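Before any comments, here is the structure.
The values are calculated or read from the model by the stated rules, or taken from the named source; none is laboratory data. No experiment lies behind these values; they were computed from the predicted model shown. No Cβ is skipped: glycine too gets one built from the backbone with ideal geometry, and neighbour counts run over all protein chains shown.
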Amino acid sequence: MLKVERLHHSYGKAQILKNIDLGVERGEVFVTIGPTGSGKTTLLRLVGLLERPTSGSIYFEGHMVDNSERHRLEIRRRLAMVSQKPAVFNASVFDNVAYGLRIRKENGASLRDKVMNALETVGLSGYERRDARTLSGGETQRVALARAMVIKPELLLLDEPTANLDPVSTSHIENLITDIIRKSDMTVLMSTHDMFQGQRLAHRMGVLIGGEILQTGDPREIFSLPQSKKIAEFVGVENMLGGVIAASKEGIVDIKMDGAVVEAISNLGVGEQVYACIRPEEITLARAKEPTSARNIFNGEIIRIVLFGPLARVEMDCGFPLVALITKRSAEEMNLQTGNRIYASFKATGVHVIKK
Amino acid sequence: MHYIADAFVLALKLIFTGDAEVYGITARTLEISISSTLISALLFVPLGCLIYFNNFRGKKGLISFIQTCYSLPTVFVGLLVFLAFSRAGPLGVFGIMFTPQVMVIGQVVLVGPIVTGLAISALSGVSPAIRETAISLGASRFQSVWAVLKEARFAVLTAVMVGFGRAISEVGLALMVGGNIRGYTRVLTTAISLETGKGEVALSLALGFILVALALIVTVLANRFLRVKEADVAQSRAPTS
């Protein structure tokens with residue numbers, strides 16, 4: 001459906017995108033995630049043909065998009081884009097949603113039906129005569145979605161569609177997007193800085209940091225098996241312990257750190273400098289040293305306990321810092337307090353090893 | 001003092017009894033000014049778009065030049081048009097000197113910079129996101145420009161009205177290229193100037209009242225449009241729930 005090859009883009013001396021290669025299949029939801037300023041918006045603007053790349057090519061259904069304005073317009077008519085902070089025309093909600101159809105020379109009853117349908121889908125029936133500029137942020141975003149989907153684009157581009165919204169509007173828009181994707185055969189390329197949103201919506205994800213796609217894969221893969229320290233940090237791997245592989249036997253390695261050894265699964269060789277990544281939810285806490293199949297058990301002192309929602313984040317000092325995520329209920333039943341000594345355990349399979 | 005009061009009463013009489021001279025001059029004035037304003041709008045709003053939406057060397061300089069021309073002296077424009085259209089001038093072959101047509105041409109030249117310049121300001125008041133939105137929804141270049149123009153409609157209309165105000169109130173050009181021919185090229189301003197010189201103060205006053213009334217109507221309408229726009233803006237800036 002969409003293929004991007006060796007795409008580079010600069011504004012003056014600032015290089016925004018470096019050597020981007022990307023492919024999106026028909027019917028797929030591809031999400032680029034990355035921190036603010038990583039080039040996500042620029043990538044979407046290039047794919048949306050709002051700007052021309054400094055170098056590189058974009059293919060749409062196998063055809064390279066060339067430089068002629070006519071060809072670009074022809075391709076642009078098959079896509080639609082919703083931006084982070086959509087602008088609405090100084091007109092009614094109806095006229096805003098009808099815009100894309102009118103410039104495609106549609107009118108009369110079919111235009112009316114399509115617009116009303118789109119408004120119903122986004123839950124804005126009855127709003128058609130409202131001045132679009134008096135709407136709230138969430139409503140404006142819904143008008144923008146309706147305006148884009150009413151033209152039935154083959155490729156829908158969504159640039160951080162919930163970045164400026166409150167949590168309720170965010171979940172509403174997310175549900176809408178899921179709905180729209182399910183009901184139509186639209187292909188979606190979306191960007192977000194919210195990794196959980198990416199996880200909820202994406203079939204495949206690409207991590208865009210510093211203008212480069214560092215890893216692509218399905219969401220589970222990216223979250224559990226980040227390929228580098230930058231990605232691991234971005235996807236929220238809180239425990240990243242630096243060390244060196246001291247021994248390797250049958251796929252199990254000993255990673256030697258300052259005063260501790262962590263066992264992990266890895267095919268890296270002895271002497272490699274690595275990070276052992278352990279997601280906080282993989283760590284089990286116990287008051288006493290009990291027999292367990294977990295290969296890694298450390299004794300440490302609780303430095304801090306932070307409660308949020310139903311969870312408790314327990315920060316420990318085991319000779320190295322370690323963070324565990326457990327339920328609030330467990331923390332209460334175990335009567336965990338700052339200063340307590342505690343055993344933290346995790347399995348060798350719960351450790352993801354990244355080369356330094 | 002007595003004499004001014006008499007003239008004042010006579011002036012009102014002329015207006016309210018439907019004096020043929022007064023209304024003939026008024027009708028001709030409107031005809032000429034409205035023609036020149038419409039032609040200016042058709043020529044110079046697109047020119048404003050062309051300048052605003054294209055990037056070229058000397059764009060800033062050109063805009064400054066256009067703005068300088070807002071206050072072009074009417075007698076100077078009159079002189080240029082006179083030189084161009086007089087028998088010996090380059091456009092003398094048209095033989096339209098001292099006709100309403102040449103007055104319209106002169107007023108178009110006079111009003112052109114105002115309409116162009118204010119149209120550019122009007123367009124630059126529209127967020128660039130509007131044009132991008134139009135483009136991202138599949139608009140062609142022309143359609144996207146139209147979307148921005150539509151967004152700036154109140155400010156563009158104001159630009160045209162300001163142009164009309166200048167066209168209807170100028171006297172130097174109308175006198176020089178129109179010739180103030182009774183029943184043909186005599187307009188409100190030239191008539192006032194002539195009648196005052198002749199001592200016909202009552203007629204001058206009557207024409208003056210009408211001129212002021214017309215100018216007032218234009219200003220009020222322009223302000224109304226401006227207020228509508230401001231109210232819109234205020235509304236769009238209001239905190240959203």
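Couple of notes before you dig in:
- Which listed residue is surrounded by fewer than 15 Cβ atoms within 10 Å (Cβ to Cβ) and assigned to a helix (DSSP H, G or I), from B:ILE34, B:ILE39, B:ILE51: B:ILE34
- From the list B:VAL81, B:VAL75, B:VAL102, B:VAL177, the one residue that fits, being more than 14 Å from chain A (Cβ to nearest Cβ), out of contact with any Pro (no Cβ under 7 Å at 6 or more places or on another chain) and surrounded by fewer than 19 Cβ atoms within 10 Å (Cβ to Cβ), is B:VAL75.
- Checklist (1) more than 18 Å from A:GLN199 (Cα to Cα); (2) in a strand (DSSP E or B) applied to A:PHE30, failing item: (1)
- Taken across region B:127-143, residues that are over 30 Å from A:GLU106 (Cβ atoms) and either of a type in the set (A, V, I, L, M) or more than 11 Å from every other protein chain (Cβ to nearest Cβ) (or both) do not occur at all.
- Selection within region A:19-39 - closer than 20 Å to A:VAL65 by Cβ and in contact (Cβ under 8 Å) with a residue 40 or more places away in the chain: A:ASN19, A:ILE20, A:ASP21, A:LEU22, A:VAL24, A:GLU25, A:ARG26, A:GLU28, A:PHE30, A:THR32, A:GLY39
- Residues of region A:50-62 satisfying the condition of being in contact with a helix residue (DSSP H, G or I) (Cβ under 8 Å, 6 or more places away or on another chain) and more than 15 Å from A:VAL24 (Cβ to Cβ): A:LEU50, A:GLU51, A:ARG52, A:PRO53
- Index of the failed condition, B:ARG182 passing every other in (1) surrounded by fewer than 17 Cβ atoms within 10 Å (Cβ to Cβ); (2) part of a helix (DSSP H, G or I); (3) at pLDDT 90 or above: (2)
- Scanning region A:70-85 for residues that are more than 7 Å from chain B (Cβ to nearest Cβ) and in contact (Cβ under 8 Å) with a residue 12 or more places away in the chain yields a count of 8.
- Test result for A:ALA276, over 30 Å from A:THR192 (Cβ atoms), modelled with pLDDT of 90 or more and of a type in the set (Gly, Ala, Ser): no
- Among (1) surrounded by fewer than 16 Cβ atoms within 10 Å (Cβ to Cβ); (2) under 23 Å from A:GLU139 (Cα atoms); (3) free of Cβ contacts under 8 Å to residues at least 24 places away in the same chain; (4) within 13 Å of chain B (Cβ to nearest Cβ), the one test that A:SER125 misses: (4)
- Restricted to helices (runs of 4 or more DSSP H) entirely inside region A:44-149, those with at least 2 residues that are more than 22 Å from A:ILE180 (Cα to Cα) and assigned by TED's automatic domain parsing to the domain that holds A:LEU22 are A:69-76, A:108-121.
- For region A:6-50, filtering for residues that are surrounded by fewer than 18 Cβ atoms within 10 Å (Cβ to Cβ) and small (Gly, Ala, Ser) leaves 6.
- Hey, A:LEU189 in the same structural domain as A:MET81 (by TED's automatic domain parsing), more than 17 Å from the chain's Cα centre (by Cα) and modelled with pLDDT of 90 or more or not: no
- Any hit, region A:174-195, residues being surrounded by fewer than 22 Cβ atoms within 10 Å (Cβ to Cβ), closer than 13 Å to A:SER83 by Cβ and in contact (Cβ under 8 Å) with a residue 40 or more places away in the chain: no
- Criterion: in contact with a Phe, Trp or Tyr (Cβ under 8 Å, 6 or more places away or on another chain) and either of a type outside the set (Phe, Trp, Tyr) or more than 14 Å from every other protein chain (Cβ to nearest Cβ) (or both) - qualifying residue of B:LEU157, B:LEU211, B:LEU203: B:LEU157
- Selected residue (only one of A:ILE103, A:ILE181, A:ILE151 is more than 27 Å from B:SER127 (Cα to Cα) and either touching a strand residue (DSSP E or B) at 6+ places or on another chain (Cβ under 8 Å) or within 14 Å of chain B (Cβ to nearest Cβ) (or both)): A:ILE181
- A:ARG182 within 26 Å of A:VAL143 (Cα to Cα), modelled with pLDDT under 85 and among the charged types (D, E, K, R): yes
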